[in-house]
Amino acid sequence: MNKKPDLKVNIGGIELKNPVMTASGTFGYADEFRELIDLNRLGGIVVKGLSLKPSSGNPPRRIVETPCGMLNAIGLQNIGIDAFIKEKVPFLKTLSTPTLVNIYGANMDAYAELAARVDDVEEIAGIEVNISCPNVKAGGIAFGVDPESAGNVVKAVREKTGKPLMVKLSPNVTDVTEIAACVEDAGADSVSLINTITGMAIDIHTRRPKLANITGGLSGPAIKPVAVRMVWQVAQRVKIPVIGIGGIMTAEDALEFLIAGATAVQVGTANFVNPKATMEIIGGIEKFLIEEGIGNVQEIIGSFRV
């Protein structure tokens, strides 16, 4: 079969030309990569997480390499929603690739206000809601570890926007399918998972933490088996599209997630190691489908056999 396969997928109302997206926090605001890759070839772009006010994040040291991955405690440093709309959206609107804005807040009102602000920006295709953030009104427990809190955040955001909503799930929970079902009921159009797994590293000579924040988020190939398992479980529980994230470095990695039930994937840590990773993954998926004689990527999504 020489004809190019159809790679198009739809994630909760957003049409992607292929299932490969960038993961929030690993791709800046996209303009940083304009000289490195063809941004118009990407399936979708998810920009760095945004808050109402600019944030300088955590003090250094904020990144530590680990076997098969990395720990980060950046602390969601960002330029704030106002600067994003004024300084970054003009470039993003020149692209044919749909852009999603990742939002986070310390309370329900912040999430709702951010959603309302993004709703006014025509060029933004959708919103990814980061519910792995601590809820300051609930003693610092993350919204995403409690089904009721997760659902309430999504409801608050849903009331303020008509844009497609993707909810990014935390793996640091007992049953991720329960959280997924709650956010689906609350109005999510898709779910993305997994966010980083909480970890830490110690300097044996100083006996102090390697990260200034003590703990950080583990990402990279080390978490892929956990992510594939969770994606498979969630894809069986919910009816909305699932987007797989976690240690995707190659087309083979991405294909595992698609076969497990993901409609699309997000590439994160790989962007730091190889800025062209997304392009290679798109090409690799296409090559695999041609070699297998498969005309449409939809044929492999959820094709896992037990």
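Every read-out reported here was derived from the displayed coordinates using simple, explicitly stated rules and does not represent laboratory data. Everything numeric in this text was worked out from a predicted model, so none of it was measured. Note that we place each Cβ from the backbone using ideal geometry, even for glycine, and neighbour counts take in every protein chain shown.
Gaussian network model of the chain, Cα springs within a sub-10 Å range: biggest mean-square fluctuation belongs to which of Val129, Val47, Val238?
Greatest mean-square fluctuation among the candidates belongs to Val238.
Taking θ = phi - 60°, what integer Hz values does the Karplus form 6.51 cos²θ - 1.76 cosθ + 1.60 yield along the range 195-203, in sequence order, with x for Gly and Pro?
So the Karplus estimates, Gly and Pro as x, are 6, 5, 9, 5, x, 7, 9, 10, 7 Hz.
Summing +1 for each Lys or Arg and -1 for each Asp or Glu, what net charge is found among the other residues whose Cβ lies under 15 Å from the Cβ of Val121?
-2
Got the relative contact order for the chain handy, in percent, Cα pairs under 8 Å and 6 or more residues apart?
Answer for the chain is 21 percent.
Over the range 103-144, what lengths in whole Å, largest first, do the semi-axes of the equivalent ellipsoid take, defined as the square roots of 5 times the eigenvalues of the alpha-carbon gyration tensor?
The three semi-axes for the range 103-144 are 23, 10, 5 Å.
Take the alpha-carbon positions of the range 77-213, form their convex hull, and give its projected area averaged over all directions (one quarter of the hull surface) in nm².
Convex hull of Cα atoms, orientation-averaged projection: 10.0 nm².
Any idea what diffusion coefficient the range 128-171 gets from Stokes-Einstein, in µm²/s, Kirkwood Rh on alpha carbon pairs, 20 °C, 1.002 mPa s?
202 µm²/s
How big is the range 1-120 in terms of Cα radius of gyration and Dmax, in angstroms?
Cα-based Rg and Dmax for the range 1-120 come out at 16.3, 54 Å.
Anyone know which of Gly13, Gly140, Gly246 comes out most mobile in the 10 Å Cα GNM of the chain?
For the chain, modelled as a Gaussian network with Cα springs under 10 Å, the answer is Gly140.
Of all DSSP beta bridges located in the chain, what percent are antiparallel, nearest 5?
40 percent
Expressed as a fraction of 2.2 N^0.38 Å, the rule-of-thumb size for a compact globular protein of N residues, what is the C-alpha radius of gyration of the range 1-72?
After normalising by residue count via 2.2 N^0.38 Å, the value is 1.47.
Say each of Val273 and Val121 gets a label point 7 Å from the Cα, pointing the same way as Cα to Cβ; how far apart are those two points in nm?
Computed distance between label sites Val273 and Val121 equals 3.0 nm.
How much length would be gained if the chain were fully extended between Asn296 and Thr198, taking 0.36 nm per residue of separation minus their Cα-Cα distance, in nm to one decimal?
31.6 nm
For every other residue with a beta carbon closer than 11 angstrom to the beta carbon of Ile194, add +1 if it is Lys or Arg and -1 if Asp or Glu, then tell me the sum.
Surrounding charge for Ile194 is +3.
Report, largest value first, the span of the C-alpha coordinates of the range 200-257 along each principal axis, in whole Å.
For the range 200-257, the Cα extents along the three principal axes come out at 49, 24, 14 Å.
Quote the Stokes-Einstein diffusion coefficient, in whole µm² s⁻¹, for the range 181-306, based on the Kirkwood radius over alpha carbon pairs, a temperature of 25 °C and a viscosity of 0.890 mPa s.
154 µm²/s
If Lys and Arg each add +1 and Asp and Glu each add -1, what is the summed charge of the other residues whose beta carbon sits under 14 Å from the beta carbon of Gly151?
Here the count lands on -4.
Taking just the alpha-carbon atoms of the range 252-306, what radius of gyration and Dmax come out, in angstrom?
That works out to 11.7, 35 Å for Rg and Dmax.
Over all pairs of distinct alpha carbons, what does the Kirkwood formula give as the hydrodynamic radius of the chain, in Å?
With all distinct Cα pairs of the chain included, I get 19.3 Å.
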